[in-house]
Amino acid sequence: MERDYDVAVIGSGIGGLCAGALLARRGYRTLLVESLDRWGGRMSTVEKDGYKLPTGAILLHRDGPLENIYKEVGAGFDVVNLPRTLHCRIEGKDYQMKLNNPLTLLRVVSDLEISRGRLARLGGSMAAEIGKKKIQQALGREIKNPFAKGAKLDFREWLMQYTDDEVLHKIFDTIIVAVLVCHAWELPADEFFSYMAGLGALIDAGVAPRGNVELVEGLVEAIRANGDAWLSSPVKRIMVEKGEVRGIVVEREGRDEIISSNVVISDTGPRRTVDLAGSDNFGRKYLREMRMKLRAGPAMLVLVASDEPLLPKSAHFMIISGARRLVCAGDVALLCPALAPAGKHLSYYCGYPLNSLVPMEVEWERIQCQRDLEEQFPGFKKHGEILHMGVHDVDSDFPGGRAWPGYDMPQETSIKNLYNVGEGVKAPGWSGTNKAAKTAAVVADMISRC
Ligand SMILES: Cc1cc2nc3c(=O)[nH]c(=O)nc-3n(C[C@H](O)[C@H](O)[C@H](O)COP(=O)(O)OP(=O)(O)OC[C@H]3O[C@@H](n4cnc5c(N)ncnc54)[C@H](O)[C@@H]3O)c2cc1C
């Protein structure tokens, strides 16, 4: 069977869904195909024992590219906001802070007493007062104009100019790992400043009250208003002729279907896109850039059920610095009770290995996360039950992140009318679901302009 569409989108990750919904809304007859039997990729939900478990994304930032796309396509963005307070556990000691503007978090961490005390104890190389002010001023300057100097320092080197306090370095590393899926010594400093400038660091983030899968269904509906969306339909091949994309071959209900389309958008990550279209069809420069640059980031996601709260009261979201692997945690059922059976808690814990370049020693990393749970959360042993310990390794289909910021590919490929969206392609200043959404907006604009 052969069918025609203006646009074929491969993959229902949030990047693919956003691109498909925008283009369908703008008048392009669109087909979106997903190989799994659920929508959303790493922004989805699976049910277990009455709990609604996230497959990846948990906190969704408000007012960014993602929510804007929902507005443009007329889909509801039903998200319950977190209170504007942040709970930090630093080297075992707890701090509460109010988040009022993008710089608050950075000001607070660079201002922590713990840092000053340590510097004094270590006889640090610079006076704590001077270091503190310098860091705050420098952060403010760089965030206002992130790429101005074209600084080629990594973030750790950048911070070293102002302080060598190891606790402070660890705190910044924790924040970077939690939001940008690589370590401070792996991240170009200007990418961090650009992220802080764009996103407004953790201000107004929320959780989908009945799980992400319900939220992404709004985008599926937007696509179906001017096209089709199919589950359980893996794309086997992207068809290319004379350097130009022609469509896709999809396996559906045991048969291959040929879909002709002028444009193909892949949300499967740049590497899989190349596999699907055949590497011979790509320019050498493009393939070389992909080999040299593209680096995925790992992550561990531990989901725990309990009949008692395991996190400190009111810690809807907390950053953990100084643990073995865990960098952040939260109790989503506190905010959205429908995510757990009545009276139960559902907490999540994100962990990160010490190196983002090579695949993890999975069993070892699991043990480290489990030790963190026992050491950082005393109620865990008695009340907690691990529902899921997800390993999102650098070489898996669903890594922690498809590209470290600054190491991602362009949205356009070297094949005419074949684009990538999602986390593996460029959208400076954004991370996670907002990054994926931003790439979709950029590609939809490119196509609409043609
Ligand atoms: C543990 C973890 C925690 C996270 N926490 C957050 C968070 O709190 N906030 C946040 O904003 N972000 C978070 N993220 C990141 C966020 O989940 C991702 O940025 C986002 O979901 C990526 O979307 P994507 O468009 O790249 O597509 P993906 O989610 O990678 O989806 C790609 C889709 O393509 C499909 N596919 C692949 N091959 C084919 C094929 N041949 N044919 C058809 N379909 C195919 C896959 O099945 C999949 O559904 C987290 C990620 C992880 C792993």
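When the Cα convex hull of the range 225-278 is projected onto planes of every orientation, the mean area is 4.2 nm². Rg and Dmax of the range 297-392, both derived from C-alpha coordinates alone, stand at 13.1, 42 Å.
Taking every DSSP beta bridge with both residues inside the chain, roughly what % is antiparallel (nearest 5)? Of those bridges, close to 65 percent are antiparallel.
Here the chain is treated with +1 on each Lys and Arg Cβ and -1 on each Asp and Glu Cβ, and its dipole about the Cα centre works out to around 1100 debye. For GluC sites (Glu not before Pro), the sites in the range 319-370 that DSSP calls loop and that have at most 11 other Cβ atoms within 10 Å are E361. Return the percentage of antiparallel bridges among DSSP beta bridges fully within the range 1-78, rounded to the nearest 5 %. Within the range 1-78, antiparallel bridges account for around 45 percent of the total. 3J(HN,Hα) along the range 367-380: 4, 4, 5, 4, 4, 4, 4, 5, 7, 8, 10, x, x, 4 Hz, from the Karplus curve 6.51 cos²θ - 1.76 cosθ + 1.60 with θ = phi - 60°, whole Hz, x for Gly and Pro.
Using only Cα atoms and rounding to the nearest 10 degrees, what angle (0 to 90) does helix 284-293 make with the longest principal axis of the chain? Value to nearest ten degrees: 30.
Proximity of backbone amide H atoms, modeled 1.01 Å from N, is registered between L387 and L303, V304, A305 at under 5 Å, excluding neighbours fewer than 5 places apart on the same chain. Separation of the range 197-260 from the range 362-428 is 20 Å, based on Cα centroids. The 1.4 Å probe gives accessible areas that order D395, D267, largest first, as D395, D267. A dipole drawn for the chain from +1 and -1 charges on Cβ atoms has a positive end, and of G390, G64, V79 the residue lying farthest that way is G64.
Give, to the nearest whole percent, the P(r) tail of the chain beyond 43 angstrom, counting all Cα pairs. Before the final figure, lay out the partial values.
Values: 13669 of 101025 pairs.
Of the Cα pairs, 14 percent sit more than 43 Å apart.
When the Gaussian network model of the chain links Cα atoms closer than 10 Å, the mean-square fluctuations of G15, G74, G211 top out at G74.
Tell me which trypsin sites (Lys or Arg not before Pro) from the range 200-251 have a DSSP coil assignment and no more than 16 other beta carbons within 10 Å of their own.
Values: sites: R210, R224, K236, R237, K242, R246; in loops: R210, K242.
Taking the range 200-251 and a limit of 16 other Cβ atoms within 10 Å, the loop trypsin sites (Lys or Arg not before Pro) found are R210, K242.
The mean accessible area for residues of the chain, using a 1.4 Å probe and ignoring ligands and nucleic acids, is 41 Å² per residue. Relative to the longest principal axis of the Cα atoms of the chain, the long axis of helix 166-180 makes an angle of roughly 20 degrees. For the set R255, R271, R284, R62, solvent exposure ranked by accessible area (probe 1.4 Å, protein chains only) runs largest to smallest as R284, R255, R271, R62. In summary, the aspartates and glutamates within cross-link reach of K382, defined as a Cα separation below 20 angstrom excluding same-chain residues under 8 places away, comprise D49, D307, E308, D331, D372, E374. Longer than 31 Å from Cα to Cα, which of K71/K93; K293/K381; K170/K435; K170/K285; K236/K435 are they? Say none if no pair is. Where the Cα-Cα span goes over 31 Å, the pairs concerned are K71/K93; K293/K381; K170/K285. Within the same chain, lysines fewer than 8 places from K52 are excluded, and of the rest, those with a Cα less than 17 Å from its Cα are K344. Can you tell me which of I367, I143, I320 moves the most in a GNM of the chain? Springs connect C-alpha atoms under 10 Å apart. Answer for the Gaussian network model of the chain: I367. The relative contact order of the chain, computed from alpha carbon pairs under 8 Å that lie at least 6 residues apart in sequence, is 24 percent. Taking packing as the residue-averaged number of other Cβ atoms within 10 angstrom, the listed peptides 323-335, 85-97 run from highest to lowest as 323-335, 85-97. Taking the chain as a Gaussian network of alpha-carbon nodes connected by springs under 10 Å, the highest mean-square fluctuation of the residues H383, H169, H345 belongs to H383.
Only Cα pairs under 8 Å and at least 6 apart count here; give the relative contact order of the range 297-392 as a rounded whole percent. If you can, show how the numbers build up before the last one.
Details: 174 pairs, mean separation 42.9, N = 96.
It comes to 45 percent, rounded to a whole number.
The values are calculated or read from the model by the stated rules, or taken from the named source; none is laboratory data. Only a predicted model underlies this, so the values are computations on that prediction, with no experimental measurement involved. Here the Cβ is made from the backbone with ideal geometry for all residues, glycine too, and neighbour counts use every protein chain on show. Areas reflect the complete protein model, heavy atoms only, side chains present, ligands, DNA and RNA absent. Shrake-Rupley method; radii C 1.70, N 1.55, O 1.52, S 1.80 Å.
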